[in-house]
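This report refers to the structure that appears directly beneath it.
Just so you know, all these numbers are worked out from the coordinates, no wet-lab data involved. Remember, predicted model here, so these are calculated numbers, not experimental data. For neighbour counting, all protein chains shown are included, and Cβ atoms are generated from backbone atoms with ideal geometry for every residue, glycine included.
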Amino acid sequence: MRRNRLARGIVNIVTLVAAVAWAFPVYWMVNSSFQPERHLLATPPQFLPARPTLEHFQRILTDQTFWQALGMSLGIALILVFTTTTLSLLAALALTRFRFVGRTTMVVAILVIQMIPAEATFLSQYRMLDGWGLLNSVTGLSLLYIAGLLPFVVWMMRGFVAGIPLELEEAAMVDGCSRLQAMLRVTLPLLAPGLVATSVFAFLHAWNEYALALIILSRNSAITLPLWLQSFQQGLRGFDWGGVMAGSVLITIPVMILFLLVQHRMTSGFVAGAVKG
C-alpha cells in the first residue's frame, strides 16, 4: 500500500512537470504579448508584465493586412474541412462496406501516396496552378491542400467506419430501413467522433500550413496567417517580437474556440447512435 502511494506520487509529480513544460511556452507567448517593447528582451526576463499594454494588439487589429490574411485562412480552412470530411466519409464507406474490383489496389495506393514527401511535388504543383491561372488564390491553394490531405483522412476515417459492426446496419435493414437509411440513422451518428476528428485535423492543417503557402502565394494581398507573421521581420533590425506574440495569440483563439465547440461531441459521439438505432 505504501509502495503504491509512493509510485502514484512519483507519477503525479512527473505528470505535473510535463504539464508545466508543455504550458510554459503558451504562457510566455501570452505574457510577452502584453509587455511593452522595451521589456521584451529585458534581463532578467519578466515573468509577469509590470505595465501591461495593449499596444501590440491595437496595432494588429487596425492593420488591414491582418484581416485579409484572416479571411483567406478562414476561407481555405472551411473549404478544406467540408471537402475532405465529405469525400473521406464516402470513400471510407465504399472501402469498408462494399466489395469491388480494385478495392485492395486503392487501399495500397492510399498508403503509397502518403509516403511521398510533400516537398517533392512543390515544383509540379506550382507549374500546374500557374498553367490554370490559380496562383495567389483561395481556390488554388485549397485544391492542393485537399489533394495532399485526402489520402490520410480517408485512411483515418476508414478506421472509424471499420470499428462500427456491420450487423447494426443489417439489423436496421431487417426492421425496414433501406441501406441508405441504415447508414444515415445508425452508422452516421456513431461516426460523429471520426467526423469531428477529421474536421479538426483538416482545420489545423489549413490553419498552420506554411511551406506550400509560401510557394503558391507571392502577393502581399494574398497571404495566409502564417505568412502574415513574416511581416514582423524588420530586416537587419530583427523581429518585432511584440507583434509576433500578439499575432500568435490572435491566431490561436479560433483554434481554442473550435476545440471548445467540439470537445463534447468527440466524447459523446461514441454512443450517440447506438440508442437511436
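Once the chain from GLN230 to PHE100 is taken as fully extended at 0.36 nm per residue, the excess over their C-alpha distance is 41.9 nm.
What ranking do 30-42, 166-178 get when scored by the average of other Cβ atoms within 10 Å per residue, highest first? If you can, show how the numbers build up before the last one.
Values: 30-42: 16.9, 166-178: 13.5.
Output ranking for 30-42, 166-178: 30-42, 166-178.
Work out the FRET efficiency for LEU204 and ASN12 from their Cβ-Cβ distance, taking R0 = 35 Å, and round it to the nearest 0.05.
Values: r = 30 Å, r/R0 = 0.86.
After rounding, the FRET efficiency stands at 0.70.
Grab the DSSP H runs of the chain that are 4 residues or longer, score each as -39,500 (n - 2.57), total them, divide by all residues and round the 222 nm result to the nearest 500 deg cm²/dmol.
Calculated mean residue ellipticity at 222 nm is -23000 deg cm²/dmol.
Around the amide H of PHE239, modelled in the peptide plane, lie the amide H atoms of GLN234, all under 5 Å away and 5 or more residues distant in sequence or on another chain.
Would you kindly state how much longer the chain becomes between ARG2 and GLU119 on full extension, computed as 0.36 nm times their sequence separation minus their alpha carbon distance, in nm to one decimal? Present the calculation step by step, with values, prior to reporting the outcome.
Numbers: separation 117, 0.36 × 117 = 42.12 nm, distance 5.46 nm.
The ARG2-GLU119 span can extend by a further 36.7 nm.
At full extension, ASP130 and ILE257 could sit 42.2 nm farther apart than now, given 0.36 nm per residue minus the alpha carbon distance. Placing unit charges on each Cβ (+1 for Lys and Arg, -1 for Asp and Glu) gives the chain a dipole about its Cα centre, and among PRO25, PRO165, ASN220 the Cα reaching farthest toward its positive end belongs to PRO165. The distance from the alpha carbon centre of the range 171-249 to that of the range 1-65 is 25 Å, rounded to a whole number.
Using θ = phi - 60° in the Karplus curve 6.51 cos²θ - 1.76 cosθ + 1.60, the 3J(HN,Hα) couplings for the range 75-91 round to x, 5, 5, 5, 4, 5, 5, 5, 5, 5, 5, 5, 5, 5, 5, 5, 5 Hz; x is entered for Gly and Pro.
Each peptide in 216-223, 97-104, 129-136 was scored by the mean count of other Cβ atoms within 10 Å over its residues; highest first, the order is 216-223, 129-136, 97-104. With a/c under 1.5 counting as rounded, go ahead and sort the range 98-179 into rounded, prolate or oblate using the C-alpha gyration tensor (a ≥ b ≥ c being the square roots of the eigenvalues; past the cut-off, prolate if a/b is larger than b/c, else oblate). It comes out prolate by the Cα gyration axes. To the nearest ten degrees, helix 192-208 and the longest principal axis of the Cα atoms of the chain are 30 degrees apart. Scalar couplings 3J(HN,Hα) for the range 39-45, obtained by applying the Karplus form with A = 6.51, B = -1.76, C = 1.60 to θ = phi - 60°, are 9, 5, 10, 5, 10, x, x Hz; x denotes Gly and Pro. For the chain, the Cβ-based charge dipole about the Cα centre amounts to some 760 debye (Lys, Arg positive; Asp, Glu negative; other atoms uncharged). Would the range 6-102 count as rounded, prolate or oblate if I go by the C-alpha gyration tensor, calling it rounded below 1.5 in a/c and otherwise prolate when a/b exceeds b/c, oblate otherwise? The shape class here is oblate. Principal-axis analysis of the Cα atoms of the chain puts helix 138-162 at an angle of about 50° to the longest axis.
With the contact rule set at Cα under 8 Å and sequence spacing of 6 or more, what percent relative contact order holds for the range 18-140? Working shown, then result.
On the way: 37 pairs, mean separation 19.5, N = 123.
Averaging sequence separation for qualifying contacts and normalising by length gives 16 percent for the range 18-140.
Both numbers refer to the Cα atoms of the range 67-274; Rg and Dmax are 20.2, 73 Å. Starting from the Cα gyration tensor of the range 45-168, take the square roots of the eigenvalues, sort them a ≥ b ≥ c, and report rounded, prolate or oblate (rounded when a/c is under 1.5, otherwise prolate if a/b is larger than b/c, else oblate). The shape class here is prolate. Relative contact order, whole percent, for the chain stands at 30, derived from Cα pairs under 8 Å and 6 or more residues apart.
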